[in-house]
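Student: Got a structure for you, written out below as structure tokens; questions coming shortly.
The values are calculated or read from the model by the stated rules, or taken from the named source; none is laboratory data. As the structure is a prediction and not an experimental result, all values here were calculated from the model. Positions of Cβ are backbone-derived with ideal geometry, glycine not excepted, and every protein chain shown enters the neighbour counts. Side chains included, ligands, DNA and RNA excluded: accessible areas come from the protein's heavy atoms. Shrake-Rupley method; radii C 1.70, N 1.55, O 1.52, S 1.80 Å.
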Amino acid sequence: MDSIASNSTAYTNKRWGFPLILPCLLYLLAQLLSSHRVFDGHILVIYDLKLASLTALLVLFGYRVLPGFTLLAAYILVFHPESEAIELFGYLAAALFSYYLYYRSTGWRSAASFGRIQLTTKRIMWLCACNTLINSVFSEALCILTNSHSGWGSVAGHVFNAESLVRVQGVMNGCVTGIPLFYTVLRVLCRPKYWLTCVRAMKSQFSANARLSHFAVWAGLLVGLMVCLNIPYQNNILFTFYSLILIFPLMLWSAVRIGYVFTAPVWTVMMIVLAKNNANYITLNDDFILHQVFVSTAIFIFTLTIVFMGVLARFNTLRFEQLLHIGLTDPMTNMPNLRALKADVNASPNSTICLIQVPDLDLFSRRYGLHFRARYQKKLAEQLRTKLNANEKIYYHAGYGLLLKLEQPTWGRLSILYRSANTFRYSHDNQLLGFRSGLGYSRATQFSNDVYSLTGKLGIVSGLSLVNGKPENLEAQSSRVMENYIVGRTEIRTVLQKTLDNDAFILMAQPIVSTRGEERYHEILLRMQDGEGRFIPPDSFLPVATEAGLAPDIDLWVIKNTLKTMQLHPEHCFSINLAPVTVCRASFVNSVQLLLTQFGVDPHRIIFEITEADALSDTEQSQNTVRSLKSLGCRVAIDDFGTGFSSHARLRDVNADILKIDGSFIREIAENELSHYIVESFCHVARMKNMQVVAEYVENEKIQRTLERMNVDWLQGYHIGKPVPLLTLV
């Protein structure tokens, strides 16, 4: 309790004690630092910091400083001449009124540190320009009322004379430079740790924009010019106010490159020194007042330039940092993104990168929107972050998941992260949702310059992790096999698109021979070559075509080129395979009708082979496609029958012309009694439906004879005839 009471007392003393004592001390210090010269029997103010000291007290303490101002006024009235009391009342009136306007304009931000772009213009307007103007008016009014002829009143016989201009600019220069300096000193006195804040700000701005060698050259030039200005006048241009002009670009460079926090106090100290030694670079002669006006105006304008350039430079730096932050941050989750990971991996290439992927999020994102994915990943990241060390980070990569940068993780830590991701539950719409996650990891050493490639490879491994139920390493052999598989599929995809664009597919025709002496027909088979002329098996490129959404385009290409051949040889009959996605496309039948009309081919000579799953599908579009093709006059065959989930009962509902029995039954029909019985039952049901039967994969004479005894209508296989290029057939 004693400690609490002691802290409370100390806080009260600081809150009310400092505003009571500091006005007297600071005002006397400002008097000491201000400068003036006697010209033509009048006092000419060169640099005045007294108004700045009172304003700085108001900015920091607000109206709590009023008792201190009262104590200061009493002290000046008792111990100083009447002219100084009149001058003080002019300062107090100006400071209080301008601070009131400033506070009304800025509100609770009024006491913020100097150098903020949002407040700089308002501080210049209210605390400097308005402050000085009000002070001039009040001082002139007090001089008239008291009939005083000292100080400002005697100089300002005419409001717009040169002496008035010099004093106004001296007071305004004092406000622009002195208020930030006194404010900083007061804050350090009230809270000594604020000094460390200033030092850190100086160091951060300096290290970001300037080299030490540049700073040394700048400091040397500045010290040299200050020496020239502050030693007694000599007959050399460098010892006149010409050197002051040379100082300006140096200070401007400092404001932009070193920073406002450092430049502002340095410039204020220089102003104090230059004002004290005004007689060294401006001689008292016939041109004195003209030179003084010129110097005063130049200093005033350049002081404003330094302030605004320093603040704008800081503003640009902050904006650049914000843009950099935006570029390294995902906008939906506000988490570091893949670019941030790339930068961090370059800084620590020996780290380990983990990818936690949740495939089910794709499905739920389609229902609840992308924000669902972002919120889930953000909450998951919060849970995983509790398992990480201080120097480890989590990144978000849309479409993949969460990426973790770990430092030397053990298998135990990876297993903990894996379990944590899989036991995480997310509450959404009063539902507690949990998803299975896969975790793939790899050392970043070999991928430090290609994080994007690493992310894709980790996606493969995380899928393997999802199947195996444990974290998987990219460097493992199984991961390399999967990687080669993916690489192969991407190469096939590239060749596939190029072949389609260039009409470079090859059409082959394999004969299908009748056992009853009817005219044979041929099945169209599609072949594709890679860049080196090697054939790519259909089993390799057709699944890739389906995944890429190219299957319908390829099917239409096959139909178009087959019909183009039939236009020249209308006596031939061909069967064409259709991909499942083609059968489900509503516009397919209309495209076929247009092609049949274009090439003038009899529709009855075209047979479309549809896989069992599509022909027996319950989807409305598949059934509509089968009916529409038959209504055009085309025939329909059910391909690969017996391999799916069909039954004799479902076959009853199918309206097709031909039934093609899958080769897995035909190969063993002569040796396997069960296969023989299955094929025989298929034939029996097909005859009841008035469907013809085609047996695939007839590889030898024995199989052929067996099928002929079973009265199978058509035979196809290498024993019957091998595929040949379509163009050689005709």
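Student: Would you work out the charge dipole size for the chain about its Cα centre, treating the Cβ of every Lys and Arg as +1 and the Cβ of every Asp and Glu as -1, and quote it to the nearest 20 debye? Mind showing how you got there, number by number?
Tutor: Working: 65 positive and 56 negative charges, 544 e Å.
Its charge dipole is roughly 2620 debye.
Student: Quick one: order 253, 411, 557 from most to least accessible surface, probe 1.4 Å.
Tutor: Accessible-area ranking of 253, 411, 557, largest first: 411, 253, 557.
Student: Also, quick follow-up: Grab the other residues whose beta carbon is less than 15 angstrom from that of residue 535, score K and R as +1, D and E as -1, and report the net.
Tutor: -1
Student: Just to confirm the number: angle between the C-alpha axis of helix 18-33 and the first principal axis of the chain, 0 to 90 degrees, nearest 10?
Tutor: 70 degrees
Student: Measure off, as a whole percent, the carbon and sulfur share of the 1.4 Å-probe accessible area of the chain, all protein chains present.
Tutor: 60 percent
Student: Which of the listed residues, 622, 476, 237, is farthest toward the dipole's positive end in the chain, when Lys, Arg count +1 and Asp, Glu count -1 at the beta-carbon?
Tutor: 237
Student: Cα-Cα over 21 Å: which of 560/630; 203/276; 342/393?
Tutor: With Cα atoms farther than 21 Å apart: 203/276.
Student: If you average the sequence gap of Cα pairs under 8 Å that are 6 or more apart and divide by the length of the chain, what percent do you get for the contact order?
Tutor: On the way: 1026 pairs, mean separation 53.3, N = 730.
Result for the chain is 7 percent.
Student: Taking Cα atoms, how many degrees apart are the long axis of helix 162-190 and the longest axis of the chain, rounded to 10 and kept between 0 and 90?
Tutor: On a 0 to 90 degree scale, this one is about 60.
Student: I would also like to ask the following. For the chain, give me the percentage of DSSP beta bridges that are antiparallel, rounded to the nearest 5 percent.
Tutor: 60 percent
Student: Spelling out what I want: for every residue of region 74-79, take phi, set θ = phi - 60°, compute 6.51 cos²θ - 1.76 cosθ + 1.60 (Karplus), and round to whole Hz; glycine and proline get x.
Tutor: Result, rounded to whole Hz: 5, 4, 5, 5, 7, 10.
Student: Another question, if that's okay. Ignoring ligands, DNA and RNA, what accessible area per residue does region 472-591 give at 1.4 Å, in Å²?
Tutor: 50 Å²
Student: Looking at 580, 423, 711, which one has the Cα that reaches farthest to the positive end of the dipole of the chain (charges on Cβ: Lys, Arg +1; Asp, Glu -1)?
Tutor: So the residue furthest toward the plus end is 423.
Student: Treating cross-link reach as a plain straight distance, find the aspartates and glutamates whose alpha-carbon is under 15 Å from the alpha-carbon of residue 702, omitting any fewer than eight places away in the same chain.
Tutor: 668, 671, 673
Student: Just going by the charge dipole of region 289-427, with Lys and Arg at +1 and Asp and Glu at -1 on Cβ, which of 297, 310, 334 is farthest out on the positive end?
Tutor: Most positive-ward Cα: 334.
Student: Follow-up. For the chain, what is the mean residue ellipticity at 222 nm derived from helices alone (per DSSP H run of n ≥ 4: -39500 (n - 2.57); sum divided by total residues; nearest 500 deg cm²/dmol)?
Tutor: -19000 deg cm²/dmol
Student: Given labels modelled 7 Å from the Cα in the Cβ direction, how far is it in nm from residue 362 to residue 500?
Tutor: Reported label-point gap for residue 362 and residue 500 is 1.8 nm.
Student: Hey, what angle do you get for helix 2-12 against the long axis of the chain, alpha-carbon based, 0 to 90 degrees rounded to 10?
Tutor: 70 degrees
Student: Could you run the Karplus curve 6.51 cos²θ - 1.76 cosθ + 1.60 with θ = phi - 60° over region 381-398 and give me ³J(HN,Hα) per residue in whole Hz, x for Gly and Pro?
Tutor: 5, 4, 5, 5, 4, 5, 9, 9, 7, 5, 9, 9, 10, 10, 10, 10, 10, 4
Student: Taking θ as phi - 60°, what are the ³J(HN,Hα) couplings along region 568-576 by the Karplus curve (6.51, -1.76, 1.60), each to the nearest whole Hz, with x for Gly and Pro?
Tutor: Couplings: 8, 9, x, 6, 7, 10, 9, 10, 10 Hz.
Student: Please give the charge dipole size of region 54-143, origin at the Cα centre, charges +1 on K and R Cβ atoms and -1 on D and E Cβ atoms. Round to the nearest 20 debye.
Tutor: Taking the Cα centre of region 54-143 as origin, the dipole is about 660 debye.
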